[in-house]
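A.B. asks: Okay, handing you the structure first.
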Amino acid sequence: MDPLRLVAVIACAVVMIGSTMKQSYAGHVDLSGFVQAQAASLISDVGCSPGTRCSVPFNEQRVQLKADAGSEEGSVAFTGKIDFINDAALSERDSRTREFYIDYNSGSFTVRGGRQIVTWGVGDLLFINDVFPKDWVAFYSGLPLEYLKLGSDSLKLDLFLSSKTLEIVVSDFTADRMPDYKQFSPFPAVPQRSIKEPGEPEIALKLSGYLGSWDAAIFASRGFYRAPALTGNSAELTAEYPRLNTVGFSLSGPLAGGVLNLETGYYDSVDDSDGVKSTINNSQLRFLMGYSRQLGSETQIGIQAYAEWMQDYEDYKRNRSALTLPDKQLRTVATVRFTQQYLHQTLTLNLFAFWGAAEDDSYVIPSLRYAFNDYLWAEVGANIFSGSRHGMFGTLADNDNIYLTVRCTF
Amino acid sequence: MHLSRLKTVRPLLFLLVLNCVPGEAIFAEPDAAKLVADSLQAFYHAGKDMRAQVTMRLINAQGKERKRVMTMLRMDTGERGGQRYYIHFQNPSDIRGTTFMVWKHLEREDDRWIFIPAIKLVRRIAADDKRSSFVGSDFTYEDVSGRVADDETHTLLRTEEIAGRVTYVIESEPKERADYKHRKSWIDQSHGLPLREEFFDARGEKVRVFVADQIELVEQHWTITGRTMKNLQTGHRTQARFDEIKYDIGLTEEMFTERYLRNPPRKWIR
């Protein structure tokens, strides 16, 4: 058991004991959680035998325990969230600390220390200044959206400067969880791979405030790419996380009865600033424009246009590996989200679609969720990838799945 | 001394005489628009600010019940008709910690944000349709935070006694297309709060009924502490109970910013 987990278990026990002694406890203690089962079955024909891990790559049951506690006046607070997982598809049992942090609130600042999730930026499933770790396996398997975000062990300081807020996050590096051969095809089993994780901490800054009715923010970060750059030969590979610096801004405000979102960022690929290394991403400019509004009393629609503009493109073309098709200089993606609710918002139909205009591929996620009561809901949905196999979504075309999630909260 | 007294009495006498002269200006019916505006003021703007613990029971036609428990903070801003709302959910546990923040404006659309605690996400949400359901209940956002008197034309129909209270019965028609064609409200003549409201569709069918189940005097403000909204078409109804009400607790506009959306003010939020 790693030390963090041990501390989490002890904290849970303390909180439980604390809750039974509420009369003498001056603050608040809340315990909650859920039991959840989720499975996804492939719907594309890739020659899997039915019922095998190949045809049902995701099948897990999990229990989440959550504890919140705080002092009466609110100066000190604690949140802990641990998932205990039985992964029947991979025949593994595991526990994961999703969040575990302590807050200290003063009049002019808040400090949050421990494992925490940070979400920045205004994109809907498109990220520019949200440089924090993500779990793409959870996302592609249809797990609830919260599992797309991974916590990282960080110290976060929020400074409240009159009408502006300055957030500073210093984190230990956490890589993204990427699809691999265990649950995705046709990802070949990787040969011997040595992983070199960065030893130095990352830092991210955000300064935000209101400009009239608009939310404005500027961002900067010094860190690393969260997907590894692989070097070596077929016998032995080295996975390294190249350096990445970012700067950007976002704006969000009302327009014609809806909400307009704008975000941009510059990704400075520090280890390949000239764009000559074939294994490391070149620097990029990223743009996002989104608009969402209601169509009726229970209907919402959102559209987004997104672009990545590769820098030093000529150098990239000269130095890239000849084994793959070249990436385009301008990668564009459009998305649409449509949400409709029925039966007093107990039944929710949601459709999210990515269309990779530059790579000619797409990714569609339809889902239907029904809340049987306040404690039990079930969701059925699908992840459907299609188009060019060279594209980011098309490369997953053998992994179309239909999933079912059932959650009971307590 | 006598003289100075007489000087003040004379104009008073003159006014009394004037008042005895029958005339339209003096015996006119109360202005319906003014009655509605005063009623909205009493209903949604009592005190400079307010805190309440709100429990909503959402009950379907078969009697199956869901429950929403939340803390509501509200304050009036200097802007005419402008308000700030902060609604923090405690139950059910699936939405615990989810928070709505609304900057309500008279002249333009409201600004509305949501905080989703599971991913620490603050998102601005479109607030175009104030008549959409508030968290699946029979109350609309507008029912929760109040409508604007000028958005409707008002006609005083009659006075009527209901449950021993004398009320003005007013018919109001939205100037722009809405989910109802017109509504009738029964406004208590003494404290100005609506005791009952009925909403009608374009065919003249009654579709929704609001009833003030309980009205209490809280810190000198008459307050509707129990209310029900019933959808007559589906048989679904929502009963809302306001407890632990406190007025003038000293909220500031700073409380209604992203800082507190991400980190609830524990002084007022459970």
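A.B. asks: Have a look at A:Phe34, A:Phe127 and point out the one that is out of contact with any strand residue (DSSP E or B) (no Cβ under 7 Å at 6 or more places or on another chain) and under 30 Å from B:Arg124 (Cβ atoms). Give the derivation first.
C.D. replies: On the way: A:Phe34 fails: out of contact with any strand residue (DSSP E or B) (no Cβ under 7 Å at 6 or more places or on another chain).
Only one candidate passes the filter, namely A:Phe127.
A.B. asks: Scan the range B:89-142 for residues that are part of a strand (DSSP E or B), in contact with a helix residue (DSSP H, G or I) (Cβ under 9 Å, 6 or more places away or on another chain) and in contact (Cβ under 8 Å) with a residue 60 or more places away in the chain and report the count.
C.D. replies: Summing the residues that are part of a strand (DSSP E or B), in contact with a helix residue (DSSP H, G or I) (Cβ under 9 Å, 6 or more places away or on another chain) and in contact (Cβ under 8 Å) with a residue 60 or more places away in the chain in the range B:89-142 gives 6.
A.B. asks: Now, a different point. Go through the range A:30-83 and report how many residues are assigned to a loop (DSSP other than H, G, I, E, B) and within 10 Å of chain B (Cβ to nearest Cβ). First the steps, then the outcome.
C.D. replies: At the first step, the residues of the range A:30-83 found to be assigned to a loop (DSSP other than H, G, I, E, B) are A:43-57, A:71-75.
From the residues that got through so far, the ones that are within 10 Å of chain B (Cβ to nearest Cβ) too are A:71-75.
The total comes to 5.
A.B. asks: From the list A:Gln300, A:Gln294, which residue is open to solvent by 40 Å² or more (accessible area, probe 1.4 Å) and within 13 Å of another protein chain (Cβ to nearest Cβ)?
C.D. replies: Only one candidate passes the filter, namely A:Gln300.
A.B. asks: Going residue by residue through the range B:62-79, is there one that turns out to be part of a loop (DSSP other than H, G, I, E, B), closer than 30 Å to A:Phe372 by Cα and touching a Gly at 6+ places or on another chain (Cβ under 9 Å)? Write out each step before concluding.
C.D. replies: Here is the first cut: in the range B:62-79, the residues part of a loop (DSSP other than H, G, I, E, B) are B:62-64, B:77-79.
Pick out the ones that are also closer than 30 Å to A:Phe372 by Cα and you get B:62-64.
Those left that are additionally touching a Gly at 6+ places or on another chain (Cβ under 9 Å): B:62.
The answer is yes; a qualifying residue exists.
A.B. asks: Of the residues that sit in the range A:368-386 and are in contact with a Gly (Cβ under 9 Å, 6 or more places away or on another chain) and crowded, with 18+ Cβ neighbours inside 10 Å, which one is nearest to A:Ser141 (Cα to Cα)?
C.D. replies: Of everything passing the filter in the range A:368-386, A:Asn383 is nearest to A:Ser141 (Cα to Cα).
A.B. asks: A follow-up question, please. Identify the residue in the range A:305-345 that is closer than 21 Å to A:Ala382 by Cβ and within 14 Å of chain B (Cβ to nearest Cβ) and, among all such residues, is least open to solvent (accessible area, probe 1.4 Å). Quick ask: steps written out before the conclusion?
C.D. replies: Within the range A:305-345, the first condition is being closer than 21 Å to A:Ala382 by Cβ, and the residues that meet it are A:333-342.
From what's left, within 14 Å of chain B (Cβ to nearest Cβ): A:337-342.
Working: A:Arg337: 55, A:Phe338: 65, A:Thr339: 21, A:Gln340: 37, A:Gln341: 44, A:Tyr342: 97 Å².
Selected residue: A:Thr339.
A.B. asks: Residue by residue through the range A:71-96, note down the ones that are of a type in the set (Ser, Thr, Tyr) and in contact with a strand residue (DSSP E or B) (Cβ under 8 Å, 6 or more places away or on another chain). Reasoning before the result, please.
C.D. replies: Quick first cut of the range A:71-96, residues of a type in the set (Ser, Thr, Tyr) only: A:71, A:75, A:79, A:91, A:95.
Within the range A:71-96, A:Ser71, A:Ser75, A:Thr79, A:Ser95 meet the criteria.
A.B. asks: Consider A:Phe372 carefully, then state whether it is more than 20 Å from the chain's Cα centre (by Cα) and among the hydrophobic types (A, V, I, L, M, F, W, C). Outline the logic, then answer.
C.D. replies: Numbers: more than 20 Å from the chain's Cα centre (by Cα): yes; among the hydrophobic types (A, V, I, L, M, F, W, C): yes.
Judged against the criteria, A:Phe372 is a match.
A.B. asks: Exactly one of (1) surrounded by 17 or more Cβ atoms within 10 Å (Cβ to Cβ); (2) over 21 Å from the mean Cα position of the chain (by Cα); (3) more than 14 Å from every other protein chain (Cβ to nearest Cβ) is unmet by A:Val190. Its number?
C.D. replies: (1)
A.B. asks: A further question follows. Let me spell it out: the conditions are (1) at pLDDT 95 or above; (2) within 14 Å of chain A (Cβ to nearest Cβ), and B:Phe242 meets all of them except one. Which number is the exception?
C.D. replies: Looking at each condition in turn, B:Phe242 falls short on (2).
A.B. asks: How many residues, within the range B:194-219, are open to solvent by 20 Å² or more (accessible area, probe 1.4 Å), over 21 Å from B:His236 (Cα atoms) and not in a loop (DSSP other than H, G, I, E, B)?
C.D. replies: 4
A.B. asks: Right, something else. Quick one: in the range A:272-288, of everything that is closer than 17 Å to A:Pro326 by Cβ and among the hydroxyl-bearing types (Ser, Thr, Tyr), which residue is least open to solvent (accessible area, probe 1.4 Å)? Talk me through it step by step, then tell me what you get.
C.D. replies: Here is the first cut: in the range A:272-288, the residues closer than 17 Å to A:Pro326 by Cβ are A:272, A:275-284.
Of the ones still in play, those that are also among the hydroxyl-bearing types (Ser, Thr, Tyr) are A:278-279, A:283.
Details: A:Ser278: 69, A:Thr279: 62, A:Ser283: 3 Å².
My answer is A:Ser283.
A.B. asks: Next question. Which one of the conditions (1) under 14 Å from the mean Cα position of the chain (by Cα); (2) open to solvent by 10 Å² or more (accessible area, probe 1.4 Å); (3) away from chain A (no Cβ under 12 Å) does B:Gln189 fail to meet, given that it meets all the rest?
C.D. replies: (1)
A.B. asks: Let me ask another. Can you give me the number of residues within the range B:247-270 that are part of a helix (DSSP H, G or I), open to solvent by 40 Å² or more (accessible area, probe 1.4 Å) and more than 22 Å from A:Gln116 (Cα to Cα)?
C.D. replies: 2
A.B. asks: Are there any pairs with C-beta distances below 6 angstrom linking a residue in the range A:222-238 that is more than 16 Å from A:Pro133 (Cβ to Cβ) to a residue that is among the small types (Gly, Ala, Ser), with the two at least 6 apart or on different chains, and if so which?
C.D. replies: A:Leu230/A:Ala239; A:Thr238/A:Ser194; A:Thr238/A:Gly232
A.B. asks: Hey, another quick one. Report every pair of residues separated by at least 6 positions or lying on different chains whose Cβ atoms are under 6 Å apart, first residue within the range A:36-53 and under 15 Å from A:Ile402 (Cβ atoms), second acidic (Asp, Glu) and modelled with pLDDT of 80 or more.
C.D. replies: Listed by first residue and then by second, the contacts come to A:Gln38/A:Glu60; A:Ile43/A:Asp400; A:Ser44/A:Asp398; A:Ser44/A:Asp400; A:Val46/A:Asp398.
A.B. asks: Additional query: Test A:Asn401 against the stated conditions and say whether it is over 27 Å from A:Cys54 (Cα atoms) and either more than 14 Å from chain B (Cβ to nearest Cβ) or open to solvent by 40 Å² or more (accessible area, probe 1.4 Å) (or both).
C.D. replies: no
A.B. asks: Select the strands (runs of 3 or more DSSP E) contained entirely in the range A:108-178, then report the ones holding at least 2 residues which are of a type in the set (D, E, K, R) and either within 12 Å of chain B (Cβ to nearest Cβ) or open to solvent by less than 10 Å² (accessible area, probe 1.4 Å) (or both). Before the answer, list the steps.
C.D. replies: On the way: elements: A:109-116, A:152-161, A:164-171.
Those strands (runs of 3 or more DSSP E) span A:152-161, A:164-171.
A.B. asks: Take the conditions among the aliphatic types (A, V, I, L, M), within 12 Å of chain A (Cβ to nearest Cβ) and closer than 20 Å to B:Val36 by Cβ and apply them to B:Ala212. Does it pass? Spell out the reasoning first.
C.D. replies: Working: among the aliphatic types (A, V, I, L, M): yes; within 12 Å of chain A (Cβ to nearest Cβ): no; closer than 20 Å to B:Val36 by Cβ: yes.
No.
A.B. asks: Among the residues of the range A:177-199, what is the count of those that are among the aliphatic types (A, V, I, L, M) and more than 24 Å from A:Phe224 (Cα to Cα)? Give the steps one after another, and end with the answer.
C.D. replies: From the range A:177-199, those among the aliphatic types (A, V, I, L, M) are A:178, A:189-190, A:195; that's our starting set.
Then drop every residue that is not more than 24 Å from A:Phe224 (Cα to Cα), which leaves A:189.
Number satisfying all stated conditions: 1.
A.B. asks: Could I ask something else about it? Residue by residue through the range B:228-246, note down the ones that are assigned to a loop (DSSP other than H, G, I, E, B) and in contact with a Leu (Cβ under 8 Å, 6 or more places away or on another chain).
C.D. replies: Filtering the range B:228-246 down to residues assigned to a loop (DSSP other than H, G, I, E, B) leaves B:232-236.
The answer is B:His236, and nothing else.
A.B. asks: Among (1) under 22 Å from the mean Cα position of the chain (by Cα); (2) away from chain B (no Cβ under 11 Å); (3) open to solvent by 20 Å² or more (accessible area, probe 1.4 Å); (4) not aromatic (Phe, Trp, Tyr), there is one condition A:Thr97 misses while meeting the rest; what is its number?
C.D. replies: (3)
A.B. asks: Separate question: Looking only at the range B:112-149, filter to residues that are at positive phi and open to solvent by 10 Å² or more (accessible area, probe 1.4 Å); which one of those is farthest from the other protein chains (Cβ to nearest Cβ)? It would help to see each step written out before you state the result.
C.D. replies: Within the range B:112-149, the first condition is being at positive phi, and the residues that meet it are B:120, B:135-136, B:146.
When the remaining residues are screened for being open to solvent by 10 Å² or more (accessible area, probe 1.4 Å), the result is B:120, B:135.
Values: B:Lys120: 5, B:Val135: 7 Å.
Per the criteria, the residue is B:Val135.
A.B. asks: Out of everything in the range B:64-76 that is open to solvent by 20 Å² or more (accessible area, probe 1.4 Å) and within 13 Å of chain A (Cβ to nearest Cβ), what residue ends up being farthest from B:Gly226 (Cα to Cα)?
C.D. replies: Result: B:Lys64.
A.B. asks: Still on this structure, I have one more. Go through the residues of the range B:217-224 one by one and say whether even a single one is on the phi > 0 side of the Ramachandran plot and either among the polar types (S, T, N, Q) or out of contact with any strand residue (DSSP E or B) (no Cβ under 6 Å at 6 or more places or on another chain) (or both).
C.D. replies: Taking the range B:217-224 and keeping what is on the phi > 0 side of the Ramachandran plot, we get B:219-220.
Pick out the ones that are also either among the polar types (S, T, N, Q) or out of contact with any strand residue (DSSP E or B) (no Cβ under 6 Å at 6 or more places or on another chain) (or both) and you get B:220.
Checked the range B:217-224: at least one residue is on the phi > 0 side of the Ramachandran plot and either among the polar types (S, T, N, Q) or out of contact with any strand residue (DSSP E or B) (no Cβ under 6 Å at 6 or more places or on another chain) (or both).
The values are calculated or read from the model by the stated rules, or taken from the named source; none is laboratory data. Since the model is a prediction, treat every value here as computed from it, not as a measurement. Counting neighbours? That spans all protein chains shown, and the Cβs are built from the backbone with ideal geometry, glycine included. In case anyone asks, the SASA skips ligands and DNA or RNA and just uses the protein heavy atoms, side chains included. Shrake-Rupley method; radii C 1.70, N 1.55, O 1.52, S 1.80 Å.
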